[in-house]
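The values are calculated or read from the model by the stated rules, or taken from the named source; none is laboratory data. Remember, predicted model here, so these are calculated numbers, not experimental data. Here the Cβ positions follow ideal geometry from the backbone for every residue, glycine too, while neighbour counts run over all protein chains shown. In case anyone asks, the SASA skips ligands and DNA or RNA and just uses the protein heavy atoms, side chains included. Shrake-Rupley method; radii C 1.70, N 1.55, O 1.52, S 1.80 Å.
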Protein chains: 2
Amino acid sequence: MTKEQDLLLLENQICFPLYAASRMIIQAYREPLEELGITYPQYLVMMILWEKDGLAVNEIGKRLFLDSGTLTPLLKRLESHNLIKRVRSEDDERKVEIQLTFQGKSMKSKAEKIPAKILECLNSWEPETLVNFKSEVNKLVKTLNQP
Amino acid sequence: MTKEQDLLLLENQICFPLYAASRMIIQAYREPLEELGITYPQYLVMMILWEKDGLAVNEIGKRLFLDSGTLTPLLKRLESHNLIKRVRSEDDERKVEIQLTFQGKSMKSKAEKIPAKILECLNSWEPETLVNFKSEVNKLVKTLNQP
DNA sequence: TTAAATTTAATTGTTTACAATTAAAAATGA
DNA sequence: TCATTTTTAATTGTAAACAATTAAATTTAA
């Protein structure tokens, strides 16, 4: 088998396990998030807003590497669940600011129990190994995010 | 800030960078795959078939951790592009065997150039670091795949 | 043997992703 | 100033993902 052919085997791909791991970990979030009635991408948006309320769509997009094509309908769903409000900015009418509602803010305390639940799935890993791994994945994101 | 609150910050998540990296790397495949006229999940299926032709839908699903809800329409698209045939098995009429067409087989030689192109995006990484990282991600997949 | 359970693929419906385009607002520059 | 460019969200269309259900074929166990 040539080297090229070898690189084409599924087991020799770096990308496939990343793709699989990403989906599996989103799967792990499904059950705890079901109690909150939101999906994983919606949870990511809520986390960002719990850190800093009132961000514009593009600012959320920059943090999550998502564009308005994904975010606009997702935010409309969060709004229909009364977790956020979408408010046209007065300073710059192009922008839509995303503001947490009371319900949206209240959800944070429930959400705080989720990370520990996810870490349980990973309790066979040494904490240090996990921290190192996280930093490697972050490095990969930075590498891939270079223009 | 409590430990719980700290764990809820986006930058302290392990899952988010995995999710981002997965999408970014699929993005990196987009251009080279466009020349073949297929998407990344379709490419994964083709890779499996180049390794072993004639697999049933569920066997492909086991390898990719995907179910028929995802695979059936994806395979129909590959069929409509004349890359595969979907053939009801004679031994077991529940099964649909996926067979490469001549065109599907021919695509392999073009596809063999893709892994090197993807590795180019990662040329700032030491080969050894990359190999270690891959093995870590594979370990993670195994951990998360435990029932 | 045959009724019950399991396996297999397909279907239905919801939610991402994302490319490409559109439209409005704001910023820039001649 | 005012035409041009850029920024910002929204829209349209395609393709995953995946839960839940359905229907047919097969396996199993009574």
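Quick check on B:Arg23: is it basic (Lys, Arg), at pLDDT 95 or above and either within 22 Å of B:Lys134 (Cβ to Cβ) or buried (at least 18 other Cβ atoms within 10 Å of the Cβ) (or both)?
Details: basic (Lys, Arg): yes; at pLDDT 95 or above: yes; either within 22 Å of B:Lys134 (Cβ to Cβ) or buried (at least 18 other Cβ atoms within 10 Å of the Cβ) (or both): yes.
The answer is yes for B:Arg23.
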*Under 7 Å by Cβ, and 6 or more places apart or on different chains, what pairs join a residue from segment A:49-72 that is touching a residue at least 60 places away in the same chain (Cβ under 8 Å) with one that is assigned to a strand (DSSP E or B) and near DNA strand D (Cβ under 7 Å from one of its atoms)?*
none
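I'm trying to understand the selection: among the residues of segment B:106-118, which are touching a helix residue (DSSP H, G or I) at 6+ places or on another chain (Cβ under 8 Å) and part of a helix (DSSP H, G or I)? Outline the logic, then answer.
First, the residues of segment B:106-118 that are touching a helix residue (DSSP H, G or I) at 6+ places or on another chain (Cβ under 8 Å): B:107-108, B:110-118.
Correct list: B:Met107, B:Lys108, B:Lys110, B:Ala111, B:Ile114, B:Pro115, B:Ala116, B:Lys117, B:Ile118.
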_segment A:2-19 residues that are within 7 Å of chain B (Cβ to nearest Cβ), paired with ones that are open to solvent by less than 20 Å² (accessible area, probe 1.4 Å) and among the polar types (S, T, N, Q) (beta carbon under 7 Å, 6 or more apart)_ = A:Leu18/B:Ser22; A:Tyr19/B:Ser22
*How many residues are among the polar types (S, T, N, Q) and loosely packed, with under 14 Cβ neighbours inside 10 Å if we restrict to segment B:75-101?*
3
*Write out, first by first residue and then by second, each pair whose Cβ atoms fall under 8 Å of each other, whose residues are 6+ apart or on separate chains, and whose first residue, in segment A:77-88, is away from chain B (no Cβ under 14 Å) while the second is away from DNA strand C (no atom under 12 Å from the Cβ) and in a loop (DSSP other than H, G, I, E, B).*
A:Asn82/A:Thr101; A:Leu83/A:Thr101; A:Ile84/A:Thr101; A:Lys85/A:Thr101
*Show the residue pairs that are 6+ apart or on different chains and have beta-carbon atoms under 9 Å apart, the first residue being within segment B:123-147 and within 7 Å of chain A (Cβ to nearest Cβ) and buried (at least 17 other Cβ atoms within 10 Å of the Cβ), the second being of a type outside the set (A, V, I, L, M) and outside any helix (DSSP H, G or I).*
B:Phe133/B:Trp125; B:Lys134/A:Gln13; B:Leu140/A:Trp125; B:Val141/B:Phe65
*Failed condition for A:Leu71, given (1) more than 9 Å from DNA strand C (Cβ to nearest atom); (2) open to solvent by less than 80 Å² (accessible area, probe 1.4 Å), with all others met?*
(1)
*Looking only at segment B:40-54, count how many residues are more than 12 Å from chain A (Cβ to nearest Cβ) and either within 12 Å of DNA strand C (Cβ to nearest atom) or open to solvent by less than 60 Å² (accessible area, probe 1.4 Å) (or both).*
2
